[in-house]
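J.: Quick one: structure below, then a few questions.
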Amino acid sequence: MKKIITFFSRFLILNKRILKKKIFLFILLLIPLSVVCLAIASTSDAGIITIALAAEDISDPIASEIINDLENGDSLIRFVVTDSPDDAVSLVESAEADGAWIFPENMKEKIAEFVDFSSERNRFMLIVQREDSVLLKLSHEKLNSTLYPYLSLAHCEDYIYDNLLTTSDISSEAIKQYYDSIDAEGADLFDMVYASGVNANDSEQNYLLSPARGLMAILIMLGGLAAAMFYTSDEASGVFDRMPRGRRFAIAIEYHAVAVFDVAIASLAAILLGGLSVSFLYELAAIMLYMIAVVGSCMLLRLICHSNRLLASITPALSIIMAVLCPIFIAPPKILILQYLLPPYYYLYSIYKPEFLGYIAIYSVITYAASYLVYRLRSR
């Protein structure tokens, strides 16, 4: 009982000492600040690219329906409706939009002609772009999927009139009613489920908020690196001189754990309040294991670097490496050995792949063993 009381007393004293560090308070402040900024951005009119929409005849029912659906739909693309094709092109020329989609007049007739004979002569959509980037090529898939129902309906009419009935037997409106009555939405074909069992279709997470977890994982790592530098400074100034040499490794673990714990708890609260959680117990288990791994890796880096100057110099580069090689913005290819040395890599994959919780544990054992080995070698 006495040892437990001593442990928590020392934990509180170290916590108080670390919270007096301005740089550490700044790291803690970055957590809610980053989530708030991403939340504000997610509610604003944002997108990875901007497309200007215009119709040669705004009264055209098909053109107006498509433009309205695109403007009000949920998409990674930001759509801006303009009054005329010239206005849309002007937005592209002034770099206010990445591209412009111009819908012609008499859309029904133009679609019918294209269905009858798909050729350059019958192309009906005009797309104006500043460049031909990957994102703009992907946006064409969005346009194709938007036009597909109208092209499919035109194909259906053609088949019926050419092979089954005539216009005197059934009207175009009747065919459309029959076509619309067949509920075959693409979403009904797929049931997306994460490896952890969470149904991805139930997720309402905004795409701008999705990197928040990864950014917080990096901040937890930065908290551990800051603790490593604080410990090195305190050790150099003789703070731990009265401690028995045989207990200093354990004291170092506790010192790092105090800082990492503070940042991890703040991050967990941000994940829960930001709606990024898969489940409270799973999130708690994942972040606790991640916290242990971060402490081990930061201790190992401190012992290898052996000076704050070197540790501080590699921290910015390490942050960039973690942002690139860990699945924060994109899923990196699993061919780079360096990513297996980074704790955030295991943590971020563990959220939807439970087996990675075991990998975090193995990673922790290896880093603590390596840290102790380096510590013993330096103590000689």
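J.: Please specify each residue of the range 76-87 satisfying the condition of being open to solvent by 30 Å² or more (accessible area, probe 1.4 Å) and within 15 Å of residue 48 (Cβ to Cβ).
T.: Answer for the range 76-87, where residues must be open to solvent by 30 Å² or more (accessible area, probe 1.4 Å) and within 15 Å of residue 48 (Cβ to Cβ): 76, 78, 80.
J.: Would you call residue 213 modelled with pLDDT of 70 or more, surrounded by fewer than 18 Cβ atoms within 10 Å (Cβ to Cβ) and not acidic (Asp, Glu)?
T.: Taking the combined requirement at face value, the residue does not satisfy it.
J.: If I ask for residues that are of a type in the set (Asp, Glu) and part of a helix (DSSP H, G or I), which ones from the range 99-136 would you list?
T.: 109, 113, 116, 120
J.: Would you check which residues across the range 261-311 are open to solvent by less than 20 Å² (accessible area, probe 1.4 Å) and over 22 Å from residue 14 (Cβ atoms) and list them?
T.: Listed by number, the residues that qualify are 270, 271, 276, 283, 286.
J.: Those residues that are assigned to a loop (DSSP other than H, G, I, E, B) and either open to solvent by less than 30 Å² (accessible area, probe 1.4 Å) or not assigned by TED's automatic domain parsing to the domain that holds residue 304 (or both), I need them from the range 340-379; list them, please.
T.: Correct list: 342, 351.
J.: Suppose the filter is loosely packed, with under 14 Cβ neighbours inside 10 Å, part of a loop (DSSP other than H, G, I, E, B) and outside the structural domain of residue 330 (by TED's automatic domain parsing); does residue 96 pass it? Walk me through how you get there before you give the answer.
T.: Numbers: loosely packed, with under 14 Cβ neighbours inside 10 Å: yes; part of a loop (DSSP other than H, G, I, E, B): yes; outside the structural domain of residue 330 (by TED's automatic domain parsing): yes.
Spelling it out, residue 96 is indeed loosely packed, with under 14 Cβ neighbours inside 10 Å, part of a loop (DSSP other than H, G, I, E, B) and outside the structural domain of residue 330 (by TED's automatic domain parsing).
J.: Can you confirm whether the range 59-73 contains a residue that is under 16 Å from residue 139 (Cα atoms), in a helix (DSSP H, G or I), open to solvent by less than 40 Å² (accessible area, probe 1.4 Å) and touching an Asp or Glu at 6+ places or on another chain (Cβ under 8 Å)?
T.: No.
J.: Among the residues of the range 231-252, write down those that are among the hydrophobic types (A, V, I, L, M, F, W, C) and open to solvent by 50 Å² or more (accessible area, probe 1.4 Å). Reasoning before the result, please.
T.: So in the range 231-252, the residues among the hydrophobic types (A, V, I, L, M, F, W, C) come out as 236, 239-240, 243, 249-252.
Matches in the range 231-252: 236, 239, 243, 250.
J.: Within the range 209-224, is even one residue in contact with a Ser or Thr (Cβ under 6 Å, 6 or more places away or on another chain) and over 20 Å from residue 24 (Cα atoms)?
T.: yes
J.: Follow-up question, since we're still on this one. Taking the range 28-55 only, how many residues are assigned to a loop (DSSP other than H, G, I, E, B) and modelled with pLDDT of 90 or more?
T.: 0
J.: Checking the structure you have, find out if any residue of the range 137-149 is assigned by TED's automatic domain parsing to the domain that holds residue 86, in a helix (DSSP H, G or I), open to solvent by 40 Å² or more (accessible area, probe 1.4 Å) and among the aromatic types (Phe, Trp, Tyr).
T.: Within the range 137-149, the subset assigned by TED's automatic domain parsing to the domain that holds residue 86 is 137-149.
Restricting the remaining residues to those that are in a helix (DSSP H, G or I) gives 137-149.
Subset that is open to solvent by 40 Å² or more (accessible area, probe 1.4 Å): 137-138, 140-142, 144-145, 148-149.
Subset that is among the aromatic types (Phe, Trp, Tyr): 148.
Yes, the conditions are met somewhere in the range 137-149.
J.: Exactly one condition in (1) under 30 Å from residue 246 (Cα atoms); (2) of a type in the set (A, V, I, L, M); (3) within 16 Å of the chain's Cα centre (by Cα) is not met by residue 361; state its number.
T.: The failed condition is (3).
Here's the yes/no breakdown for (1) in contact with a Leu (Cβ under 9 Å, 6 or more places away or on another chain); (2) of a type outside the set (Gly, Ala, Ser):
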{"residue": "92", "(1), (2)": "no, yes"}
{"residue": "95", "(1), (2)": "no, no"}
{"residue": "98", "(1), (2)": "yes, yes"}
{"residue": "101", "(1), (2)": "yes, yes"}
{"residue": "120", "(1), (2)": "no, yes"}
{"residue": "131", "(1), (2)": "no, yes"}
{"residue": "134", "(1), (2)": "no, yes"}
{"residue": "141", "(1), (2)": "no, yes"}
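J.: Follow-up question, since we're still on this one. Does any residue of the range 171-185 turn out to be at pLDDT below 70, open to solvent by 90 Å² or more (accessible area, probe 1.4 Å), farther than 24 Å from residue 63 by Cα and within 40 Å of the chain's Cα centre (by Cα)?
T.: Looking for residues that are at pLDDT below 70, open to solvent by 90 Å² or more (accessible area, probe 1.4 Å), farther than 24 Å from residue 63 by Cα and within 40 Å of the chain's Cα centre (by Cα), one finds none in the range 171-185, hence no.
J.: So residue 331 clears everything in (1) part of a helix (DSSP H, G or I); (2) farther than 30 Å from residue 241 by Cβ; (3) open to solvent by 50 Å² or more (accessible area, probe 1.4 Å) except one condition, right? Which one?
T.: Answer for residue 331: the failing condition is (1).
The values are calculated or read from the model by the stated rules, or taken from the named source; none is laboratory data. Note that the structure is a prediction, hence the values are computed from the model and not measured. Because the Cβ atoms are built from the backbone with ideal geometry, glycine has one as well, and the counts that use them run over all protein chains shown. Please note that ligands, DNA and RNA were not included when accessible areas were found on the heavy atoms of the full protein model with its side chains. Shrake-Rupley method; radii C 1.70, N 1.55, O 1.52, S 1.80 Å.
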